[in-house]
Amino acid sequence: MNDSELKQAIESLAVGTDPGRVTSAVRAGIGRDAQKEQRHYTGKEFSGMKKRKWTAVLAAAALVTVLTAAVAAGPAIRNYINARALQQDSISRLEEVPDGWIGVYTIEDLDAIREDLGGNYILMQDLAFEAGDFEDGGRFAGGWTPIGTYNAPFFGIFNGNGHTIDGLVIRASADDVFDSAGSRPYAYVGLFGYAVYAEYLTVETYTQQTAVDDLDVNGDGTVDPLDQYGQPIRADGVGVHTIFDPAKELKHWGGGGIVKNLRLTGGTLAIEYAPVKTAVIDGTDEETFRSVSLWAGPVAGYADHVLGCVVEDFSVEITGTGADDTAAYAAYWEKQGFPITMEEPYRGGGLTMSIGGIAGGAYQLDSCAANTALTVRAGEAASVSRPFVGGLGGILSACVTSYFDGTISADAGDMGIAYLREDDVPRLLPAAVMDELAIRMAYLENLSHHNGVFTDKVYADDYEAKTEALRKAGVTADTLNEYLDANSPQDDGWQANKFRSFYCERTVAEVREALAKGTWQGSLGVVSLDMAQSLYTDDLSEVAFYVLDPDIKPREYRELSTIITAAFPDGDFEDFCRENHVKYGAYYVYDLRDDPECTFDGFDFDAIWDRGDGRLPVLRLFR
């Protein structure tokens, strides 16, 4: 598809006549750019590009009328962290379980969440564990088992409703970490392990191997055993298959993976972490190695959205083990022809350790506080090339109006508050921001780069004058192509069109109208309005906005991030987002180790936070 056909596809997307046309154009274009820039990708990466376009944006999931309700804005930010608990311009706990939600009254109720990972739960009273609960013979002997794994994530919503869970103990040995990861290279440890939206769930089945006499699976007269779903069982005895949940037909942002309004106190998270582990291949004398990355935090190992959560008097202790395995791991890869340079300690395994005082990782961490004591001793077992230890989170994409007043003692990876991802892009953009992005991107040319530095001509001749002409003409993201056709036909606006094609535009009013009719017009899909509002600091009902395609691939994230870098060469895109009410990047976030006397600029002390008689802000919901 050439540039002219791409522009036509974008225009058809904008008017809703043919939203599917843009997929092949964009993916082909990205492939074209990759070839121009002489990047080397595998055929598998290209074949993994999606073949369908996300034609959807906004959702029926838990539409709440308080999206237009109101909390007084702080100096520069309004926090909708308690969308279901705002009552008459104040924040308070809900005393009754809302329709469609499941009340959590006991520790047994909390534990039962793992039996229905897609439900919406609300905590109705404080819970307290006893020390004996985690001792031999106790209800949770050995420690709490996190809710949700990579293979079976928690994809609902947990609303702590301003209540406290006290005395939680989470312990994991090196073997526990590997067991929780299953066949995957990721382990997530916390009250919640892995909490994300979900469309398809990949699950593991451990089944007895049985021969099938009349099926020549291998084409050579031999038969691999099958599980009960008809899928071949691998040598390790694990059969993997995919189940489809018709209630979650379309993938969408914010439909789940949310933990909010919860306080954890007086707890412990203690993990022995051996990043690599020897294993004997079944039926042979050969040894191989498994490796696993670790994400850990008191509230969640990873959750898409962590909102209004507080962690007090909680200790997090990570201890590296398995030094012998680590050395053997390096020797193994050297024997395979991939020598690894040994260091003291060895850090060559390409693994991630992401540890946080609230969550190991999250897309958004908003209006949270922690005084967690973090101790990370990776030691000689640290075959981790990417260690991230943060007072609030290990790796985050957005972190606003939050603070850390605890301690960090780590032999590697102290990131302060958190490490902010550099290859992410906002999931929500108001029309005003998308319009300015389209203008800045319209006359970008070759974005080839090496080691973060552009290597070719990035900006068209007279770039500043041309972009200013677009502003004066009132050009928007949706009218850019029309303007270029009429005034600058030699310019194709490729970078702007590529970026725009990964977002879909809707308004809250459109969603409400569709809901009122009881049907979606065209191919409207799903994105929770709660999630959308949580990423915007003003009233979302008054603006048109764009939501990122939830099926975007990691490589496509990097492509879009590169375009933003070119459009904002001074690195001020984060500030531009903040000025336009978008929660992206980090601002109004404080590490009290560096600034113990800070005044907490940007905190809303009229509605969200309370200084009271103490030195530190307290969320009003927990007063």
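The values are calculated or read from the model by the stated rules, or taken from the named source; none is laboratory data. Just so you know, these numbers come straight off a predicted model, no measurement behind them. FYI the Cβ positions are ideal-geometry reconstructions off the backbone, even for glycines, and counts take in every protein chain you see. Keep in mind that these areas ignore ligands, DNA and RNA; they rest on the heavy atoms of the full protein, side chains included. Shrake-Rupley method; radii C 1.70, N 1.55, O 1.52, S 1.80 Å.
Report the paramagnetic label zone for residue 570: residues of the stretch 470-503 whose backbone N is under 19 Å from a point 7 Å from Cα along the Cα-to-Cβ axis. Those under the cut-off are 470-472. Taking Lys and Arg as +1 and Asp and Glu as -1, the other residues whose beta-carbon sits under 14 Å from that of residue 472 total -2. May I ask which of 277/498; 277/553; 457/553; 260/553 have a Cα-Cα span longer than 32 Å here? Over 32 Å apart, Cα to Cα: 277/498. Taking every protein chain into account, the 1.4 Å probe leaves residue 129 with about 20 Å² of accessible area, to the nearest ten. The label-point distance for residue 319 and residue 421, in a model that sets each label 7 Å from Cα toward Cβ, rounds to 3.3 nm. Over all other residues within a Cβ to Cβ distance under 14 Å of residue 575, the charged ones net out to -3, with Lys and Arg as +1 and Asp and Glu as -1. Annotation: residue 101 carries an accessible surface of approximately 30 Å², with a 1.4 Å probe and no ligand, DNA or RNA atoms counted. The gain in end-to-end length when the residue 106 to residue 409 segment is fully stretched comes to 105.6 nm, 0.36 nm per residue minus the alpha carbon separation. Subtracting the Cα-Cα distance of residue 175 and residue 469 from 0.36 nm times their residue separation leaves 99.6 nm of extension gain. Per residue, the stretch 412-488 exposes 46 Å² of accessible surface when a 1.4 Å probe is rolled over the protein heavy atoms with every protein chain present.
Of 184, 623, the residue with the largest accessible area leads and the full order is 623, 184 (1.4 Å probe). Accessible-area rank, largest first, for 164, 321: 321, 164, with all protein chains present and a 1.4 angstrom probe. Between residue 482 and residue 616, full extension at 0.36 nm per residue minus the direct alpha carbon distance yields a gain of 42.9 nm. With a Förster radius of 22 Å applied to the beta-carbon distance between residue 116 and residue 96, the computed FRET efficiency rounds to 0.60. Summing charges over all other residues whose Cβ lies under 13 Å from the Cβ of residue 270, with Lys and Arg as +1 and Asp and Glu as -1, gives -1. These residues, 531, 415, go from largest to smallest accessible area, 1.4 Å probe, as 415, 531. Solvent-accessible area of residue 163, all protein chains in place: 20 Å² (probe radius 1.4 Å, heavy atoms, ligands and nucleic acids excluded).
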